[in-house]
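S.K.: Can you read through this structure? Questions will come right after.
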Amino acid sequence: MINLFDVFLLILFATVCAWLWRGHGIRERALAFAKQHCAKLDVELLDGAVALRRLAIQRDAKGHRRLARLYDFEFTVTGEQRLRGHISMFGPHLGSIELEPHPILEPQPEPVSVQQPGNVIRLEDWRRKA
């Protein structure tokens, strides 16, 4: 026979499972935010993953204290060294993204080519063939 304690354990187990499931979804959103931020800054996100560092009480943009999930990830600029980044999430909402100091590579100027694109016919060439 099921008693009240068994019902309590079942509800507790279901609550823990739901909290872990929701945490997995928040981790996926944090990964998407990290990929987007790295692409915007032209750095490479390494391992394609974020790792939960800890849960903490932090202030959000409005100054309210809220429970935040803090994630770490690694990125590289030159491909030689691994640098660390941090992301904080307030539920499914982005709190902040911070990257360790890193060198900013200047974009190399593209060489100017004299060739015409493949679908352009020069008038002199056309007249010679006709």
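The values are calculated or read from the model by the stated rules, or taken from the named source; none is laboratory data. None of these values were measured; they are calculated from a predicted model. Quick reminder, even Gly has a Cβ in these numbers, built from the backbone with ideal geometry, and neighbours come from all protein chains shown. The accessibility values were calculated without ligands, DNA or RNA, using every heavy atom of the protein model including side chains. Shrake-Rupley method; radii C 1.70, N 1.55, O 1.52, S 1.80 Å.
S.K.: Between TRP19 and ALA61, 0.36 nm times their residue separation minus their Cα-Cα distance comes to what?
M.R.: That pair, TRP19 and ALA61, stretches by 12.7 nm at full extension.
S.K.: Then there is this: If contacts are Cα pairs under 8 angstrom and at least 6 residues apart, what is the relative contact order of the chain in percent?
M.R.: 16
S.K.: With every protein chain left in place and a probe of 1.4 Å, what is the accessible surface of ASP125, to the nearest 10 Å²?
M.R.: Counting only protein heavy atoms, the figure is 60 Å².
S.K.: Also, quick follow-up: Given a Förster radius of 41 Å and the C-beta distance between LEU105 and ILE11 as r, what FRET efficiency does 1/(1 + (r/R0)^6) yield to the nearest 0.05?
M.R.: My answer for the efficiency is 0.15.
S.K.: Could I ask something else about it? Within the range 45-62, what residues put their amide N at less than 18 Å from the label point 7 Å along the Cα-to-Cβ vector of SER96?
M.R.: Answer for the range 45-62: 53-62.
S.K.: When the helices in the chain are scored as -39500 (n - 2.57) per DSSP H run of 4 or longer and the sum is shared across all residues, what 222 nm value do you end up with, to the nearest 500 deg cm²/dmol?
M.R.: It lands at -12000 deg cm²/dmol.
S.K.: Would you rank LEU12, LEU4, LEU31 by solvent-accessible area, highest first, keeping every protein chain in place and using a 1.4 Å probe?
M.R.: Descending accessible area places them as LEU4, LEU12, LEU31.
S.K.: Kirkwood Rh over alpha-carbon pairs of the chain, then Stokes-Einstein at 25 °C and 0.890 mPa s: what D in µm² s⁻¹, rounded to an integer?
M.R.: 128
S.K.: Can you give the accessible area of GLU44 in Å² (nearest 10), computed on protein heavy atoms with a 1.4 Å probe?
M.R.: The accessible area comes out at roughly 110 Å².
S.K.: Could you work out what % of the accessible surface of the chain is carbon and sulfur, using a 1.4 angstrom probe and leaving DNA, RNA and ligands out of the count?
M.R.: 59
S.K.: Taking a probe of 1.4 angstrom, what is the accessible area of ILE97 in Å², to the nearest 10?
M.R.: Per-residue accessible area (ILE97): approximately 40 Å².
S.K.: Then there is this: Using a probe radius of 1.4 Å on heavy atoms only, what accessible surface per residue do you get for the chain? Whole Å² is fine.
M.R.: Averaged over the residues of the chain, the accessible area is 81 Å².
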